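Chemist: Below is one structure. I have some questions about it.
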Amino acid sequence: MAVIAKNNPNIKVTIVDINQERINAWNDSDTSNLPIYEPGLAGIVEETRGKNLFFSTEIDKAIDESEMIFISVNTPTKTYGKGKGMAADLKYVELCARNIAKVAKTDKIVVEKSTLPVRTAQAIKSILDNTGSDVNFSILSNPEFLAEGTAIQDLLNPDRVLIGGESEEAIESLASIYGSWVPESQILRTNVWSSELSKLTANAFLAQRISSINAISELCEKTEANVDEVAKAIGMDSRIGSKFLKSSVGFGGSCFQKDILNLVYIARSYNLQAVADYWEQVITLNNHQKRRFADNLISTLYNTVSGKKIGFLGWAFKKDTNDTRESAAIYVADHLLNEQAHIAVYDPKVSSVKIQSDLNYLNTRSEDENKRLIEAKDSPYEALNDAHAVAIMTEWDEFKTYDWHKIYTKMKKPAFIFDGRNILDQSKMEKIGFDYYSIGK
Ligand code: UGA
């Protein structure tokens, strides 16, 4: 919305949320306190806020005044009832639709921005069409393809903008907003269902590439092939392409797993078992990759990590973000804590409170136990002091520039590095004296 406001100074954009604390943070005059860390975002918020970008908790007023409303609430995996653990929970989307239906007195274009299962527009439409009033609603699907950490760049230069809908007038109205900075050839118009399904499919294909290369990484470790070399070799085939072939400790983030589970659930609901099984394997392999990283660490440390200090570099699910949702670090830590390891974490952007709440959410052990076994440190050197091993969980650039000689002297010997992101230089680390393990080599 900030990028839309920046590129459309004549359009008033109001962001509303029920959470007063969040809205206050978005209105904080010190932009370093914004709730989301994203390179370039603070500058754009500063430039537009108070001019044509506003943050408020006055939801009904904003609905009443708007001509176009984006529903951008979360659609987490259901944690209860039918479809538990698989289907998307549409509770919040439905609440938004009902609120719009209740308040609107003039015609509105309602845009699905949240990632939704195919045919959700139908549900929104049926709620909006049964208000008893003569207000007209046009529903559009406009999925978001930005990735965290590069959100602003992705928004300023999108590969494509996708708009699905029935009403040509509504589609063109939204297209003209994007048209103020996105070339016309990159604005794609489809029917609503293709648009909804394209979003899930794009994420499923991206995640599938990571699981594919991660599957090969395990084979590389057995055959003395090098996964980075294999990735480069196959990526030079223009039909395959070089992006998204970085082997890792496993993908995380709020989207990939949720969207694939959702795709699997939809396929099963149409009784398409082979389709469902096919996509489910992407998740199975990803869980395997996280697990095998933790198992490898334990077996290398002489089959026990009980009472040993393991330093984690990184907790976020990828670099340049403070988002930790579904981060591989959480699951690897949980497994090591089951083996009674002591973990000290350093992440440049993630707080101690967040780390504790991520683990508490898993409910594997008591909150006190988590507090006793894992702690966040303010500096990497503190986190690695006296550690038996370093586990690199996120590919933050700064990890490459640390004084690894100094870290080595402060660690227990033999000093192990488990590089879950393949970001350090193996020969340099071995020259310093580390026992260095990476993925797929
Ligand atoms: C992903 C998609 O890339 C976006 O296009 C999409 O809009 C977004 O989900 C969404 O649905 O909201 P995001 O989850 O922010 O974006 O980040 P990615 O860059 O896709 O990374 C996801 C995970 O895969 C991270 O844990 C990352 O470290 C991992 N990854 C990525 C790899 O392990 N290897 C790679 O080669 C690339």
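The values are calculated or read from the model by the stated rules, or taken from the named source; none is laboratory data. Worth saying up front: this structure is predicted, and the values here are computed from it rather than measured. All Cβ positions, glycine included, derive from the backbone under ideal geometry; neighbour counts span all protein chains shown.
Chemist: When you scan segment 178-190, how many residues do you find that are under 26 Å from the mean Cα position of the chain (by Cα) and either more than 15 Å from Gly164 (Cβ to Cβ) or in a helix (DSSP H, G or I) (or both)?
Modeler: Total satisfying the criteria: 4.
Chemist: Restricting segment 331-345 to residues that are free of Cβ contacts under 8 Å to residues at least 40 places away in the same chain and surrounded by fewer than 22 Cβ atoms within 10 Å (Cβ to Cβ), which is farthest from the chain's Cα centre (by Cα)?
Modeler: For segment 331-345, the residue satisfying everything is Gln340.
Chemist: Among the residues of segment 126-162 satisfying the criterion of being among the aliphatic types (A, V, I, L, M) and farther than 30 Å from Gly43 by Cα, which is nearest to the ligand (Cβ to nearest atom)? Show your work before the answer.
Modeler: So the first thing to find is which residues in segment 126-162 are among the aliphatic types (A, V, I, L, M), and the list is 127-128, 135, 139-140, 146-147, 151-152, 155-156, 161-162.
Next, from what is left, pick out any that are farther than 30 Å from Gly43 by Cα: 127-128, 135, 139.
On the way: Ile127: 24, Leu128: 25, Val135: 31, Ile139: 20 Å.
Looking at residues that are among the aliphatic types (A, V, I, L, M) and farther than 30 Å from Gly43 by Cα, I get Ile139.
Chemist: Let me ask you something else. Restricting the search to segment 115-125, which residues are more than 10 Å from the ligand (Cβ to nearest atom) and either under 21 Å from the mean Cα position of the chain (by Cα) or surrounded by fewer than 20 Cβ atoms within 10 Å (Cβ to Cβ) (or both)? Break it down into steps so the answer makes sense when it comes.
Modeler: To start, the set of residues in segment 115-125 that are more than 10 Å from the ligand (Cβ to nearest atom) comprises 116-125.
If the condition is that a residue be more than 10 Å from the ligand (Cβ to nearest atom) and either under 21 Å from the mean Cα position of the chain (by Cα) or surrounded by fewer than 20 Cβ atoms within 10 Å (Cβ to Cβ) (or both), then Leu116, Pro117, Val118, Arg119, Gln122, Ala123, Lys125 are the ones that fit.
Chemist: If the Cβ limit is 8 Å and pairs must be 6+ apart or interchain, which residue in segment 106-132 that is closer than 17 Å to Val73 by Cα and in a strand (DSSP E or B) pairs with which residue that is β-branched (Val, Ile, Thr) and within 16 Å of the ligand (Cβ to nearest atom)?
Modeler: From segment 106-132, the pairs are Val110/Ile71; Val111/Ile71; Glu112/Ile71; Glu112/Val93; Glu112/Thr120.
Chemist: Conditions first: (1) loosely packed, with under 13 Cβ neighbours inside 10 Å; (2) at pLDDT below 95; (3) in a helix (DSSP H, G or I). Glu21 passes all but one, so which condition is the exception?
Modeler: Only one criterion in (1) loosely packed, with under 13 Cβ neighbours inside 10 Å; (2) at pLDDT below 95; (3) in a helix (DSSP H, G or I) is unmet by Glu21, namely (2).
Chemist: Also, I was wondering about something else. Hand me the list of strands (runs of 3 or more DSSP E) wholly inside segment 351-441 holding 2 or more residues that are in the same structural domain as Asn226 (by TED's automatic domain parsing) and out of contact with any helix residue (DSSP H, G or I) (no Cβ under 8 Å at 6 or more places or on another chain). Break it down into steps so the answer makes sense when it comes.
Modeler: Numbers: elements: 374-376, 389-392, 416-419, 435-438.
So the answer is none; nothing clears 2.
Chemist: When Gln281 is evaluated against the numbered criteria (1) in contact with a strand residue (DSSP E or B) (Cβ under 7 Å, 6 or more places away or on another chain); (2) away from the ligand (no atom under 16 Å from the Cβ); (3) over 15 Å from Ala341 (Cα atoms), which criterion, by number, is the only one it fails?
Modeler: Among (1) in contact with a strand residue (DSSP E or B) (Cβ under 7 Å, 6 or more places away or on another chain); (2) away from the ligand (no atom under 16 Å from the Cβ); (3) over 15 Å from Ala341 (Cα atoms), Gln281 violates only (1).
Chemist: Check whether at least one residue in segment 163-171 is within 16 Å of the ligand (Cβ to nearest atom) and under 30 Å from Ile36 (Cα atoms), and report yes or no. Explain how you work it out, then say what you get.
Modeler: Our first condition is that a residue be within 16 Å of the ligand (Cβ to nearest atom); within segment 163-171, this holds for 163-164.
Adding the requirement that they be under 30 Å from Ile36 (Cα atoms) leaves 163-164.
Yes, segment 163-171 has at least one match.
Chemist: Right, next: Is it the case that some residue within segment 301-318 is assigned to a helix (DSSP H, G or I), more than 12 Å from the ligand (Cβ to nearest atom) and either buried (at least 24 other Cβ atoms within 10 Å of the Cβ) or without any contact (Cβ under 8 Å) to a residue 60 or more places away in the chain (or both)? It would help to see each step written out before you state the result.
Modeler: Kept after step one, since they are assigned to a helix (DSSP H, G or I), are these residues of segment 301-318: none.
No; the residues of segment 301-318 include none that is assigned to a helix (DSSP H, G or I), more than 12 Å from the ligand (Cβ to nearest atom) and either buried (at least 24 other Cβ atoms within 10 Å of the Cβ) or without any contact (Cβ under 8 Å) to a residue 60 or more places away in the chain (or both).
Chemist: Of a type outside the set (A, V, I, L, M, F, W, C) and within 12 Å of the ligand (Cβ to nearest atom): which single residue out of Lys243, Lys232 fits that description? Step through it out loud before you land on a result.
Modeler: On the way: Lys232 fails: within 12 Å of the ligand (Cβ to nearest atom).
Answer to the check: Lys243.
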